[in-house]
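Colleague: Provided herewith is a single structure, encoded as structure tokens, for subsequent inquiry.
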Amino acid sequence: MAEKGFTLWFTGLSGAGKTTLARLVETELKTRGHKVEVLDGDVVRTNLSKGLGFSKEDRDTNIRRIGFVCDLLTRNEVVAIAAAISPYREVRDELKAQIGAFVEVYVKCSLDVLIKRDVKGLYKKALTGEVKNFTGLDDPYEEPLNPEIVVETDSQSPLESVAFILRGLEEMALTKAAEAGAYTQEDEEEVRRRLEALGYV
Ligand code: ADX
């Protein structure tokens, strides 16, 4: 029997870890037999949302486009994973109502830590005024009020957050834990490769 489709929606500030967690959860869910597609804000903005900027209107358009594709995938037994800041509550709630099988994951991290980490160097640019309307600094981020899952990436390791998310999905009966020995050597190598790329092993 085909697995049930659902949308796993990661929201949170730039650099909080949405993409990292989305990719790790993707690998794990594929291992468990799900069909999975990731829609990442940074990637979508190079194709589907090419040309859009960071005004409220453009961000909402970007999020509605990502949500539209997630809806199509979800209907077809695919797990659609979105990783975009998606700063506005109203449009996230709109997508939740539209898609139904929608799990909101708030990737929470304090601004202090994000500014210190600053992997892409964008916080520095935003703080010096080189980049304007940066989310969390001079542009709003509306925290989810009732997210299904919250992970705190300033105190958890990526693997801890991933384990927590998977447990949440298991409790919602959206996935089943893989049986011992279900991993092929290829799966293990893939996880290892991803962790290596992140500097964890
Ligand atoms: S969203 O607001 O429309 O959901 P999205 O997740 O697609 O944003 O893109 C965010 C990414 O764009 C950030 O991770 C960052 O790399 C880049 N970016 C460039 N300018 C901004 C800005 N003003 N605010 C936030 N992110 C920005």
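Read-outs: derived from the displayed coordinates by stated rules, not from any lab. The structure displayed is predicted, hence computed values, not measured ones. Cβ sites come from the backbone with ideal geometry, for glycine too, and all protein chains shown count toward neighbours.
Colleague: Which residues in segment 88-113 place their backbone N less than 11 Å from a point set 7 Å from the Cα of residue 127 along the Cα-to-Cβ direction?
Modeller: Only 112-113 pass the distance filter.
Colleague: How about residue 56: which lysines have a C-alpha closer than 26 Å to its C-alpha, ignoring those fewer than 8 places off in the same chain?
Modeller: Here the lysines satisfying the reach criterion relative to residue 56 are 18, 96, 108, 120, 124, 125, 132.
Colleague: Follow-up. Can you give the extra length, in nm with one decimal, that the chain gains between residue 93 and residue 186 once fully stretched, where that is 0.36 nm per residue apart less the Cα-Cα distance?
Modeller: Going from the current span to full extension adds 29.7 nm.
Colleague: Taking amide H positions as placed 1.01 Å from N in the peptide plane, with prolines and chain starts having none, which residues 5 or more places from residue 139, or on another chain, fall under 5 Å of its amide H?
Modeller: 134
Colleague: Relative to the longest principal Cα axis of the chain, at what angle does helix 56-75 sit, 0 to 90 degrees, rounded to 10?
Modeller: With both axes taken from Cα atoms, the answer is about 10 degrees.
Colleague: Taking only Cα atoms, what is the 0 to 90° angle, nearest 10, from helix 89-99's long axis to the longest principal axis of the chain?
Modeller: 30
Colleague: Starting from the coordinates of the alpha-carbon atoms of the chain, obtain the Kirkwood hydrodynamic radius over all distinct pairs and give the value in Å to one decimal.
Modeller: After inverting the mean inverse Cα-Cα distance, the result is 17.4 Å.
Colleague: Same structure again: Could you list which residues have their amide H under 5 Å from that of residue 36, counting only those 5 or more apart in sequence or on another chain, with H placed in the peptide plane?
Modeller: Counting only residues 5 or more places away or on other chains, the set is 79.
Colleague: Right, next: Taking a virtual spin label 7 Å from the Cα of residue 110 along the C-beta vector, which residues in segment 147-166 bring their backbone nitrogen under 16 Å of it?
Modeller: Within reach of a label on residue 110, which here means backbone N under 16 Å from a point 7 Å along Cα→Cβ, segment 147-166 contributes 152-157.
Colleague: While we're on this one: Could you compute the FRET efficiency for residue 77 and residue 179, with r as their C-beta to C-beta distance and R0 at 25 Å, rounded to 0.05?
Modeller: 0.75
Colleague: Further question: With unit charges on the beta carbon (Lys/Arg positive, Asp/Glu negative), name the residue among 72, 39, 55 whose Cα is farthest towards the positive pole of the charge dipole of the chain.
Modeller: Ranked along the dipole, the leading option is 55.
Colleague: Name the residues whose placed amide hydrogens come within less than 5 Å of the amide hydrogen of residue 150, ignoring near sequence neighbours (fewer than 5 apart) on the same chain.
Modeller: For residue 150, the qualifying residues are 106.
Colleague: Based on Cβ point charges of +1 for Lys and Arg and -1 for Asp and Glu, what charge dipole magnitude is obtained for the chain about its Cα centre, in debye rounded to the nearest 20?
Modeller: Result for the chain is approximately 460 debye, rounded to the nearest 20.
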